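See below for the structure under consideration.
The values are calculated or read from the model by the stated rules, or taken from the named source; none is laboratory data. Predicted, not measured: the structure shown is a model, and the values here were computed from it. In this analysis, Cβ positions are derived from the backbone assuming ideal geometry, glycine residues included, and neighbour counts consider all displayed protein chains. Surface accessibility is based on the protein's heavy atoms, side chains included, excluding ligands, DNA and RNA. Shrake-Rupley method; radii C 1.70, N 1.55, O 1.52, S 1.80 Å.
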Amino acid sequence: MGEMIKNQITLFIDGLEVIVEKGVSVLEAALKNNIYIPHLCYCPDVKPFGACRLCLVEINGQILPSCLTPAEDGMIVKTKTPDIERIRKIILELLIANHHSNCRHCPSSGKCNLQKIRGRLRVNVKRMRPLRMAKEKMPIDTSNPVFDYDPNRCILCGVCVQICEKKGNNIANFFGRGYVTKVIFLGDTSKCEVCQQCVTKCPVGALISKKH
Amino acid sequence: MNKMRKILVCHGTGCIGGGAEQIFSLLEKEKTRLNLSNVVLKRTGCHGFCQRGPLVIVEPEGILYCKVQPQDVPEIVQSLLPGGNPPQRLFYHDPVTGDPIPYYRDITFYKKQQRRVLRNCGRIDPEDIEDYLERGGYQALQKALMEMTQEQIIDEVKRSGLRGLGGAGFPTGKKWEVCYKAQSDEKYVICNGDEGDPGAFQDRSLMEGDPHSILEGMIIAGFAVGAKKGFIYVRAEYPLAVKRLKIAINQAKEKGFLGKNILGCDFDFDIEIFQGAGAFVCGESTALIESMEGKRGMPKPHPRPRLAEVGLWGKPTLINNVKTFANIPLIIANGAEWFASIGTEKSKGTAIFSLTGKVVNSGLIEVPMGIKLREIIYDIGGGIPNGKAFKAVQTGGPSGGCLPARLLDMPVDFDSLTEAGSMMGSGGMVVMDEDTCMVDVARYFLEFTVRESCGKCIPCRVGTKQMYDILDAITKGEGKREDIDLLLELSEVIKRASLCALGQTAPNPVLTTIRYFREEYEAHIFEKRCPAGVCDRLTR
Amino acid sequence: MKEEKKEEKLLKEILALYKSNKSELIPILLQVQSTFGYLPPKSIKVIARFLNMSESQIYAVASFYTQFRLTPLGKKRVSVCRGTACHIRGASHILREIERILGLKEGETSADLEYTLDTVACIGCCALAPCLKINDKVYGEMTIEKVREIFSVSEKQ
């Protein structure tokens, strides 16, 4: 009984007292207790990447990514300040303006995490009108025998890269830098049929099984 | 008996481009032909007065010859003979009065400078350690190793008030202390020579012109924090700097300033060069380390441990900029009080700038912190050429901002620049005149940032591209009425949500140009007019 | 076949200088780049084996840095500087003129592999802006006239 308590910590998320085991991140602490913090690049099967910046929270006046911040005893976390909400909205608007595919023709519609967050944060399309839409359309990669990769829908969360590495296949990797970065799939693709973890874990509709 | 004379020929990259090597070999031939045994010829690093190169200086008088051409060589050499007269037409001439000014110490470009860190640049042969030793080189190292403890060295650096000269201005002594206190069997010292700001060449000039000053600073740092291995991360685009540093390292080894049991003390230290592969983001410390570990140069997000505690290969790592290390021998040799005797309360010592753009005297300068912008641009820089009006001065590269004429009397130091919306950065200072379009400048910097963004986080990767697209549209007459507010809103989010300093500072050029030159944006958007006459598709 | 053997031999010589530590990837790539003028696909395979990494992982790193080219360069690499000082002094006009004369857009290599045209963030000769480099030679204080001079001479050669 004494040992169990030693490993547990108490923190406060949006005023709610939350008890978790030591070692989890603030995001995990929240999700385990049904407190929703928007996240796109977080996947429990791989290491947190800290790239989408949607999970930003305020701790002690600092704005930090909750996926990478270890939960500490006595921590006071605010997930919904006006600042953070505005930041989240704009990040989402930027993503949507850049996504240049509409949901109607996307096989991931209904399962897509980006769709889910868009719904929850209620993005105002009118407000988005001055944003410039992405003009360049990158070609869809159909080279893999099992799935197709659409870089226009990819949000570069890195989950597919990490999971492919975890499986020891090292086929999926980032290619390029900055705005034109995409994922390439190079190597012994005979391994893909039995795995397809990248397709399963992709939070959006960037990886679609060829069976569709 | 003829006194010893030295002819110094600047071999900075700029002067080499102007024909310095040919001039040097011609001078050599003339010297041999006339059998002038009392004359020593030297190739030196950048003397700073780049606009006037190729430069030749005759010591001990300190005569400066500008824009020297091969055909001028015989006259220069003749002037060294008894009764010889220096060719006046090659002197610097005052741009207003036309008076010839033979001695460089009298030229306003040099007069208002305080060339401490640059003391050897242009005076010594960077490929000859004897020159460096002759001017007091490696004495600071001797003092540090033989007369001081690690704590005393760190204390001296702390009390000097030296702040990092790579951009952020973090107190150097504090950083050293953190690294010193970290417990580890292995520690590393890294010199950040990835000078990526377009328009900045002060780090390059130091590496090419006085490499030993950097090595000496690093070795002292290694001793102070307890490291045995140092690296100099040099940008791919600087092959001459790599060459000169390698020569300097070998020479230092031969003299026992590097290697095992340095100067007979129980201290080993080695330095290796690591060449960058072309990524501006690798100037960011964590990205630099990623590239040294063979990975994509993606910065590490906060929260994370300090590099001084967990850095290269997980070991405590001290990273400082080229100029920061070059200051160390001076601080150790002359003391913290001497160092802090110039500068302002919170910004001690000197700042080194590459002064370029629409300015008469373009080149490399070193000034005391706190000097006014006006003094730099007009007294040292000689003002704006072709009778044009000053419009703005940009500092801090793509992470900095543009400051208008009404701020010309502000002091140049870390905090004043940051308060005004810009930053010290690595030392680029670009002067702009009435023919520069400030919206185009903002667009230019965003274009750079978009290219160099590592692409990891959404605010930077997508946000800066969005800002670029908006700015590009504005310069093409396709601006929308909401654009200025949109740019301000995006800027704020990108500043606060980006993962690293590249993204966090990327909006600064936009924020400062809107803050200080809003009318230009409005003219572009509402009148489809470019006041400076730069944007092709718009009327003037 | 002879070319392949030569390529293999050169690669072997380069790798002999390294310890097959993953941290050596960038120095290795730089050496291969400078030896061959680009990173031949074969070299990526060999390096991957040497470092016990996948080809995909090597491409991930190589594609991040601008020094590395995955396609061959022209004999004359023309790099126009787009640094701040150069931009303020009219670098974009210089670039446009060269694009016109060579018939290449930025980033392209001519079909006969004579020229590659690209831009560089900063050569470091800002006082002599606008600048360009042709291979290792720096040309400063460029004007449209100078561009025409340089390239008409090159063309004749």
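On the basis of the beta-carbon distance and an R0 of 60 Å, A:K47 and B:Q71 show a calculated FRET efficiency of 0.35.
Per DSSP helix of 4 or more residues, -39500 (n - 2.57); summed, then divided by the residues of chain B. What does that give at 222 nm, rounded to the nearest 500?
Details: 20 runs with 208 residues, N = 540.
Per the formula, -11500 deg cm²/dmol.
When C:F36, B:F231 are compared by accessible surface with a 1.4 Å probe, the order from highest to lowest is C:F36, B:F231.
At what distance in angstrom do the alpha carbon centres of the range B:153-185 and the range B:293-363 lie from each other? If we compute the Cα centre of each part, the gap is 10 Å. Take each residue of peptide B:290-299, count the partner chain Cβ atoms within 10 Å of its Cβ, and average: the result is 6. Bridge orientation summary for the protein assembly as shown: considering DSSP beta bridges with both residues in this region, about 60 percent are antiparallel. Computed from the C-beta positions of B:K476 and A:I140 and an R0 of 30 Å, the FRET efficiency is 0.50 to the nearest 0.05. Name all residues of the range C:56-72 having a backbone nitrogen under 12 Å from the label point set 7 Å from the Cα of A:C195 along its Cα→Cβ direction, giving them as ranges. So the set is C:56-57. Excluding same-chain neighbours fewer than eight residues apart, the aspartates and glutamates reachable from C:K2 by a Cα-Cα span under 18 Å are C:E13. If a paramagnetic tag sat 7 Å from the Cα of A:K210 along the Cα-Cβ line, which residues of the range A:169-189 would have the backbone N under 20 Å from that point? The answer is A:169-173, A:183-189, whose backbone nitrogens lie closer than 20 Å to the label point. B:Y378 sits with roughly 80 Å² accessible to a 1.4 Å probe, with DNA, RNA and ligands left out of the calculation. Counted by Cβ distance under 9 Å from B:M438, the other residues give a net charge of -1, where Lys and Arg count +1 and Asp and Glu count -1. How many angstrom separate the Cα center of the range C:59-112 from the Cα center of the range A:159-202? Distance between centres, Cα-based: 31 Å. Each Lys or Arg adds one and each Asp or Glu takes one away; over the other residues whose Cβ falls under 15 Å from the Cβ of C:Q67, this sums to +2. Each label point was placed 7 Å from the Cα along the Cα-to-Cβ direction; for C:K105 and B:T32 their separation is 5.3 nm.
Counting only heavy atoms of the protein chains and using a 1.4 Å probe, B:W338 has close to 80 Å² of accessible surface.
Heavy-atom accessible area with a 1.4 Å probe sorts B:E419, C:E106, largest first, into B:E419, C:E106.
Summarising the label geometry, the points placed 7 Å from Cα in the beta-carbon direction at A:D14 and B:D536 lie 5.2 nm from one another.
Total lysine pairs in the range B:5-111 at Cα distances under 15 Å, for residues eight or more apart or on different chains: 4.
Cross-link partners for B:K260 among the lysines, with Cα-Cα distance under 21 Å and sequence neighbours closer than 8 places in the same chain left out: B:K143, B:K187, B:K228, B:K229, B:K246. Backbone N atoms of the range B:330-352 closer than 17 Å to the 7 Å Cα→Cβ label point of B:Q152 belong to residues B:330-338.
Counting only heavy atoms of protein chains, what accessible area per residue, in Å², does the protein assembly as shown have with a probe of 1.4 Å?
41 Å²
Close amide H pairs (under 5 Å, H built 1.01 Å from N) link B:I271 with B:G230, residues at least 5 positions away or on another chain. Each label was represented as a point 7 Å from its Cα along the Cα-to-Cβ direction; for B:V178 and C:T35 these points are 4.1 nm apart. Here the calculated FRET efficiency for C:K42 and C:N135, from their Cβ-Cβ distance with R0 = 25 Å, stands at 0.50, rounded to the nearest 0.05. Taking max minus min of the alpha-carbon positions on each principal axis, the range B:352-486 gives extents of 42, 32, 23 Å, largest first.
Taking all protein chains together, B:D106, B:D435 sort by accessible area into B:D106, B:D435, largest first [probe 1.4 Å]. Candidate cross-link partners of C:K9 among the lysines, defined by an alpha-carbon separation under 22 Å and a same-chain spacing of 8 or more, comprise C:K19, C:K22, C:K42, C:K45.
Only four residue types carry charge here, +1 at the Cβ of Lys and Arg and -1 at the Cβ of Asp and Glu. Report the dipole size of the range A:147-209 about the Cα centre in Debye, rounded to the nearest 20.
Details: 7 positive and 5 negative charges, 40 e Å.
Once rounded to the nearest 20, the dipole reads 200 debye.
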